[in-house]
Amino acid sequence: MEYDTIKYKIWTWKNPIMLHWIVNPGLAFNELVLGQRVPKIMLIERDASKNLQEKTFVPCPHCGILHSGQKWSIGNNAFKNWFGLYCDACGKIIPCLRNLMSLALMLLTYPVWYWLKDSRKSRWLAKQPARYKDLNLTDQPNPYEGKGWIREGLYWGLIMYIMMTFFFPLIDGSGITLKNILVGIPIWAVGGVGFGYSMKLILGKSRVRSQKS
Ligand SMILES: [Zn+2]
């Protein structure tokens, strides 16, 4: 598809924020568990009077429609998009980036989910039209805004820390070790703050919150 590069900046995997989505291993949690996905192509309107949320558009390569990025904001359908972003205009799926860690995990667990994927996907697809009715596409507060990204990021880091240090070692039998307990603290604190900051950048500034402060 051709895009109007005078009106829009085109974000692909080469954009640093998009690249971060691919390489940060912790984001596999967001993709595989929460079902949060980032489309392969985002268009950012060159309009300084609008905030990033309002400027973001997601093109559907199947029908060519430009969706408001707000459809996938936290208040709308940010999560449960395991099979990609659903286009409510043509009913097809908008291709998304794939985080490398989640790709690796999917390849490793391939025999487990492969037989289920078609039935899961058709059930998921059947649920989508209802999710896109009555969306609120007006500007909404972003929990990562202001200093919120630090709190949200550390909270995410804490969940990852518990999963990686206690939960997974119990499941795979490698055991919980004092070394991992100690080493995990700085790793997930830094990882969490990095995650929070990138979410702040991805989700952008909302006018609702900025007017209040
Ligand atoms: Zn479409």
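For the list (1) among the charged types (D, E, K, R); (2) open to solvent by 70 Å² or more (accessible area, probe 1.4 Å); (3) within 24 Å of TRP21 (Cα to Cα); (4) assigned to a helix (DSSP H, G or I), I need the number of the one condition that GLU152 fails.
Exception for GLU152: condition (2).
Would you check if LEU66 is in contact with a strand residue (DSSP E or B) (Cβ under 6 Å, 6 or more places away or on another chain), open to solvent by 40 Å² or more (accessible area, probe 1.4 Å) and either in contact (Cβ under 8 Å) with a residue 40 or more places away in the chain or under 25 Å from TYR8 (Cα atoms) (or both)?
yes
Within the range 102-135, track down each residue that is modelled with pLDDT under 95, part of a loop (DSSP other than H, G, I, E, B) and either under 15 Å from TRP21 (Cβ atoms) or open to solvent by less than 70 Å² (accessible area, probe 1.4 Å) (or both).
Listed by number, the residues that qualify are THR109, LEU135.
Quick check on GLY146: is it over 25 Å from TYR197 (Cβ atoms) and open to solvent by 40 Å² or more (accessible area, probe 1.4 Å)?
Answer is no for this residue.
Quick check on LEU100: is it within 28 Å of PRO61 (Cβ to Cβ) and more than 17 Å from the chain's Cα centre (by Cα)?
Here the answer is no, as LEU100 does not meet what is asked.
Could you grab me the full set of residues in the range 20-61 that are farther than 24 Å from LEU103 by Cα, open to solvent by 30 Å² or more (accessible area, probe 1.4 Å) and part of a loop (DSSP other than H, G, I, E, B)?
Of everything in the range 20-61, those that are farther than 24 Å from LEU103 by Cα, open to solvent by 30 Å² or more (accessible area, probe 1.4 Å) and part of a loop (DSSP other than H, G, I, E, B) turn out to be ARG46, ASP47, ALA48, SER49, LYS50.
For ASN99, are the conditions met, namely being open to solvent by less than 40 Å² (accessible area, probe 1.4 Å), more than 16 Å from the ligand (Cβ to nearest atom) and touching a Phe, Trp or Tyr at 6+ places or on another chain (Cβ under 7 Å)?
Yes, satisfied.
Working carefully through the options PHE168, PHE195, find the one that is open to solvent by 50 Å² or more (accessible area, probe 1.4 Å), within 20 Å of VAL33 (Cα to Cα) and not assigned by TED's automatic domain parsing to the domain that holds ASP88.
PHE168
The values are calculated or read from the model by the stated rules, or taken from the named source; none is laboratory data. Owing to the predicted nature of the structure, the values given are computational and were not obtained by experimental measurement. Don't worry about glycine lacking a Cβ; one is built from the backbone with ideal geometry, like all the others, and counts go over all protein chains shown. The area values use the complete protein model at the heavy-atom level, side chains included, leaving out ligands, DNA and RNA. Shrake-Rupley method; radii C 1.70, N 1.55, O 1.52, S 1.80 Å.
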